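The values are calculated or read from the model by the stated rules, or taken from the named source; none is laboratory data. All values reported here derive from a predicted model rather than from experimental measurement. Cβ placement follows ideal geometry from the backbone for every residue including glycine, while neighbour counts extend to all protein chains displayed.
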Amino acid sequence: MKDYIATIVKNEQIAENIYAVTFDLGEEARVRAGQFGNIAVGGTHLLRRPIAVCKTEKKEVTFCYQIKGEGTQKLKTMEAGTRLNVLMPLGNGFYVEENEKKVALVGGGVGTFPLISVLREYGDKKEISAYIGYRNKGAVCGVEEFERAAKFVAVTDDGSYGEKMNAVQAFEADLKAGNRPDVVLACGPTPMLRALKTLVEKENLNCYVSLEERMGCGIGACVVCVCEKTNGARARVCKDGPVFNVNDVLL
Amino acid sequence: MANLSVNICGVDLKNPVIAASGTFGFGREFNELYDIGQLGGISTKGLTMELRAGNPVPRIAESRGVILNAVGLQNPGVEHFIKCDLDWLKSTGTCVIANVAGKTLDDYFAICERLDGKVDMIELNISCPNVKSGGMAFGIKPQSVEEVTRVSKSALKKTPLIVKLSPNVESIAANAKAAENGGADCVSLINTLTGMAIDIERRKPIIANNTGGVSGAGVKPIAVRMVYEACQAVKIPVIGMGGITCAEDAIEFLMAGAVAVQVGTANFTDPFAMPKIIKGLNDWCDKHGIKNVRELTGTLQLNER
């Protein structure tokens with residue numbers, strides 16, 4: 001974990017309301033799939049923006065973000081050459097065990113981006129199938145990345161790109177066709193994760209989900225971004241997560 | 001190099017910069033970024049006798065220049081702190097201030113008694129705006145401020161007592177005086193101001209608790225004014241806080257009469273905020289020919305009106 005003074009190399013729109021920003025960190029950072037960075041956008045914004053790392057390449061790191069509030073509005077206007085503080089890598093990240101050969105990625109909305117980092121880290125070592133749901137054709141992005149997976153199924157809520165279904169339904173259809181993974185890694189809206197939890201419980205599949213929550217410090221000190229665990233305890237999404245075994249957390 | 005050390009109620013601090021309760025946990029996470037032993041002190045996350053789960057999420061929101069939080073005193077309980085964090089925290093070399101809260105006067109007595117002699121100072125949280133019972137209830141009226149202070153002080157044989165004051169009151173001077181009358185060795189202020197931020201699409205408050213405590217750069221002028229008023233009202237030392245982001249901010253509080261300051265929200269914006277403030281204090285003193293940071297305290301000269 002380090003607070004990098006990062007220089008924007010590129011900051012461009014990649015889909016409807018979605019941008020990708022690439023920073024030069026000045027040195028190579030060791031980032032695990034599913035970890036995130038806490039980006040200081042400055043000005044009157046006292047909180048940083050916690051955003052999942054999408055990919056890293058030598059000294060460069062790329063984050064994809066949805067325009068949601070004033071902070072991301074401001075970030076989107078920043079041009080190449082702008083320097084920002086980026087505290088990273090944060091959180092535990094996804095980890096695929098040695099004996100887990102077949103990996104299923106289930107993602108929806110902005111939750112698809114941390115899954116790209118999984119594909120980048122494990123793509124050569126594992127047989128990865130990606131089931132990605134988008135709102136509509138305009139929201140489709142990251143296709144060139146997901147196409148590197150052994151299997152890539154893209155679906156949309158309205159059927160304007162791929163079949164009309166959600167990512168969990170796409171995963172379930174393939175599961176029924178006999179494509180059973182050793183582990184499922186997921187990130188997306190809570191209703192999607194809930195549906196997935198029901199499915200993996202029924203199918204007795206090992207599954208890890210990356211959660212999102214409003215954060216304060218991003219490093220585990222302020223206990224703002226907690227989630228409830230099934231054992232009654234509370235866990236910090238930023239430090240104990242963001243990736244949890246789906247059986248351990250209440251969604 | 002200026003001398004930055006200060007002494008509060010007989011306790012020596014390397015410098016007057018203390019981590020504010022609730023923004024710094026028990027120090028372990030920030031120690032991964034820098035040696036927290038360089039800090040003047042750390043006020044721990046608010047401790048209660050029993051473990052507390054805290055409020056539902058979301059617990060934080062942002063508004064221009066400030067943040068709002070309603071964590072609701074989530075903490076592992078005082079025994080867990082004593083067993084798992086205290087020795088390590090002391091080993092870092094920083095001054096350990098245990099921030100404590102309770103629902104009843106008995107709770108305050110019990111937790112003060114439990115920590116007496118174990119930590120460098122105890123900071124009484126009588127002003128948490130985010131829990132339904134206790135906390136804030138004690139912090140509003142001067143009579144109850146005095147009472148909770150007196151009860152807590154009676155449990156302390158060795159450790160000096162700081163009473164942290166709420167700004168959500170009729171008269172900060174009266175409450176500071178009440179704490180002093182109750183036997184406080186020091187007061188700290190301001191805790192957060194109660195506020196609300198609304199998600200207009202959902203027509204609901206962003207924070208699950210509906211209201212939250214407002215902190216950050218935007219509250220600083222209010223905090224400076226209140227610290228000044230408290231300093232005028234009492235003879236015991238005052239620790240100032242509220243929106244401190246840089247050394248210059250800290251100096252305002254010192255000039256208003258504070259002997260030390262606490263830094264909270266700035267740690268979220270810049271995790272290195274406190275080491276930078278300590279360095280900035282030294283640089284400012286050097287530049288102004290000040291040999292001892294203590295010389296700054298209470299040097300404010302009001303404009304003639």
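What to note about this one:
- Applying a threshold of 6 Å to beta carbon distances and a minimum spacing of six or more residues, or different chains, the list of pairs starting in the stretch B:14-27 at a residue that is closer than 15 Å to B:VAL100 by Cβ and ending at one that is not in a strand (DSSP E or B) and not aliphatic (A, V, I, L, M) reads B:ALA20/B:GLY264; B:SER21/B:GLY46; B:GLY22/B:LYS45; B:PHE26/B:THR44; B:PHE26/B:ASP85.
Residue-by-condition table, conditions (1) in contact with a Phe, Trp or Tyr (Cβ under 8 Å, 6 or more places away or on another chain); (2) free of Cβ contacts under 8 Å to residues at least 60 places away in the same chain:
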| position | (1), (2) |
| --- | --- |
| B:ARG203 | no, yes |
| B:ILE206 | no, no |
| B:GLY213 | no, no |
| B:VAL219 | no, no |
| B:ALA223 | yes, yes |
| B:ALA230 | no, no |
| B:VAL238 | no, no |
| B:MET241 | yes, no |
| B:ILE244 | yes, yes |
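- Checking each residue in the stretch B:225-250 for being closer than 19 Å to B:ALA273 by Cα and away from every other protein chain (no Cβ under 14 Å) picks out B:ILE239, B:GLY240, B:MET241, B:ALA247, B:GLU248, B:ALA250.
- Filter result for B:GLY212 (surrounded by 18 or more Cβ atoms within 10 Å (Cβ to Cβ), small (Gly, Ala, Ser) and modelled with pLDDT of 95 or more): yes
- Exactly one residue out of A:VAL183, A:VAL209, A:VAL226 is modelled with pLDDT of 95 or more, within 29 Å of B:GLY22 (Cβ to Cβ) and more than 14 Å from chain B (Cβ to nearest Cβ), and it is A:VAL209.
- Filter result for B:LYS287 (surrounded by fewer than 21 Cβ atoms within 10 Å (Cβ to Cβ) and touching a residue at least 24 places away in the same chain (Cβ under 8 Å)): no
- When the residues of the stretch A:208-251 are filtered to those that are in a loop (DSSP other than H, G, I, E, B) and of a type in the set (Gly, Ala, Ser), the one that is nearest to A:LYS102 (Cα to Cα) is A:GLY241.
- As for the stretch B:184-198, it holds at least one residue that is farther than 28 Å from B:THR94 by Cα and small (Gly, Ala, Ser).
- Residue match in the stretch B:275-294 (condition: closer than 15 Å to B:ILE251 by Cβ, within 14 Å of chain A (Cβ to nearest Cβ) and under 26 Å from the mean Cα position of the chain (by Cα)): yes
- Subset of the stretch B:135-167 (residues that are among the polar types (S, T, N, Q), touching a residue at least 40 places away in the same chain (Cβ under 8 Å) and assigned to a helix (DSSP H, G or I)): B:SER152, B:SER154
- Residue list for the stretch A:10-35, filter: buried (at least 24 other Cβ atoms within 10 Å of the Cβ) and closer than 11 Å to A:CYS64 by Cα: A:VAL21
- Taken as a whole, the structure places B:ASP199 among residues that are over 17 Å from the mean Cα position of the chain (by Cα) and among the acidic types (Asp, Glu).
- Single residue of B:PRO271, B:PRO275 found to be of a type outside the set (A, V, I, L, M), modelled with pLDDT of 95 or more, assigned to a loop (DSSP other than H, G, I, E, B) and closer than 21 Å to B:CYS95 by Cα: B:PRO271
- Residue tally, condition away from every other protein chain (no Cβ under 14 Å), assigned to a loop (DSSP other than H, G, I, E, B) and either in contact with an Asp or Glu (Cβ under 8 Å, 6 or more places away or on another chain) or among the hydroxyl-bearing types (Ser, Thr, Tyr) (or both), over the stretch A:22-70: 5
- Extreme residue, nearest to the other protein chains (Cβ to nearest Cβ), among residues of the stretch B:90-113 that are of a type outside the set (Val, Ile, Thr), assigned to a loop (DSSP other than H, G, I, E, B) and closer than 21 Å to B:ALA155 by Cβ: B:ALA101
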